[in-house]
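The values are calculated or read from the model by the stated rules, or taken from the named source; none is laboratory data. Fair warning: this is a prediction, and the values are worked out from it, not measured in the lab. Glycine gets a Cβ as well: all are built from the backbone with ideal geometry, and neighbour counts include every protein chain shown. Side chains included, ligands, DNA and RNA excluded: accessible areas come from the protein's heavy atoms. Shrake-Rupley method; radii C 1.70, N 1.55, O 1.52, S 1.80 Å.
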Amino acid sequence: MSGTDDAPAERPRVFGTADSVYVRIVRLTLIEKGVDHELVPVDPFAPEGVPPAYRARHPFGRIPAFEHDGFRLFEAGAIARYVDEAFKGPALLPEGVKARARANQIISIADSYAYRPMVWGVYVERVEKPAQGEPSDEARLAAALAEADVCLAALAALMEGGPFLAGPRLSLADLHLAPMISYFQQAPEGAARLAAHPGLAQWWARMSARPSLRQLGLCAG
Ligand SMILES: N[C@@H](CCC(=O)N[C@@H](CS)C(=O)NCC(=O)O)C(=O)O
């Protein structure tokens, strides 16, 4: 791990589960920065819910929560930006004002319009529920696919020449969207939707081959 003067060398802790989209965003960011970290298990989907004491770290009971050198933080976007600024390693936001705005815009799109339909509406309905012997809600799936279509079209238009979402270099935007696409494309309908946007499909092929994604077991399809 490489701390700056402001960030003494303590191993950051990430609280959550390894399969959570938002935990993955933070862990991918840490790995891409070359920062060793500890994953502390907290499962909001366990029958008993999150341990009551966890609410001191995250009043909303979501994952991830984060701690580094006594500094506590929640919300994946804020944690990723902290990690980017607090540690050495490649800068994960572009330097130019407009390119940085684009990266932040894509992160916001992922949170606001991609996560729910792609992960819960498509992956959970088409992949996870059948794997658990439950029927898919086809109406929910169809509605989610329609929302995902809008999302993919917007992202494809915004990424322009790529090859990354916010320009020529890897950024937090790529690390934010990738865990969502990893789930989405495991549904056949998701894979087909992604393939309809060659720039995004190539982006995903490149992203899923990165050591950071492989280390966390993000599915390449
Ligand atoms: N806005 C939060 C979202 C975190 C989030 O929704 N995490 C999910 C897991 S991927 C969670 O904790 N879900 C538990 C629940 O909904 O009760 C962030 O950026 O960290």
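For the chain, the relative contact order works out to 20 percent when only alpha carbon pairs closer than 8 Å and six or more residues apart are counted. Taken about its Cα centre, the chain carries a charge dipole of roughly 320 debye when the Cβ of each Lys and Arg holds +1 and the Cβ of each Asp and Glu holds -1. Calculation over all alpha carbon pairs of the chain in 5 angstrom steps from 0 returns a P(r) of 1, 7, 15, 18, 19, 17, 12, 7, 3, 1, 0 percent. Extension gain, residue 139-residue 158: 0.36 nm per intervening residue step, less the Cα-Cα distance, totals 3.9 nm. Rolling a 1.4 Å probe across the protein heavy atoms gives the stretch 89-150 an accessible surface of 54 Å² per residue.
Per-residue packing, averaged as other Cβ atoms within 10 Å, sorts the ranges 71-82, 150-161, 45-56 into the order 71-82, 150-161, 45-56, beginning with the highest. Residues with beta-carbon under 13 Å from that of residue 20, excluding residue 20: net charge, scoring Lys, Arg +1 and Asp, Glu -1? Surrounding charge for residue 20 is +1. Across the options 105, 132, 94, the greatest Cα extent toward the positive end of the charge dipole of the stretch 84-138 (unit charges at beta carbon of Lys, Arg, Asp, Glu) belongs to 94. Separation of the stretch 154-221 from the stretch 112-142 is 19 Å, based on Cα centroids. If you take the alpha carbon atoms of the stretch 13-82 and fit the smallest convex hull around them, that volume is 81 Å³ per residue. Candidates 30, 162, 61 compared by Cα position along the dipole of the chain: farthest toward the positive end lies 162, with charges placed on Cβ. Packing here is the average count of other Cβ atoms within 10 Å per residue, and on that basis the peptides 168-175, 110-117, highest first, run 168-175, 110-117.
Taking every DSSP bridge with both residues inside the chain, close to 70 percent are antiparallel.
Of the solvent-accessible surface of the chain, computed with a 1.4 Å probe and all protein chains present, 54% belongs to carbon and sulfur.
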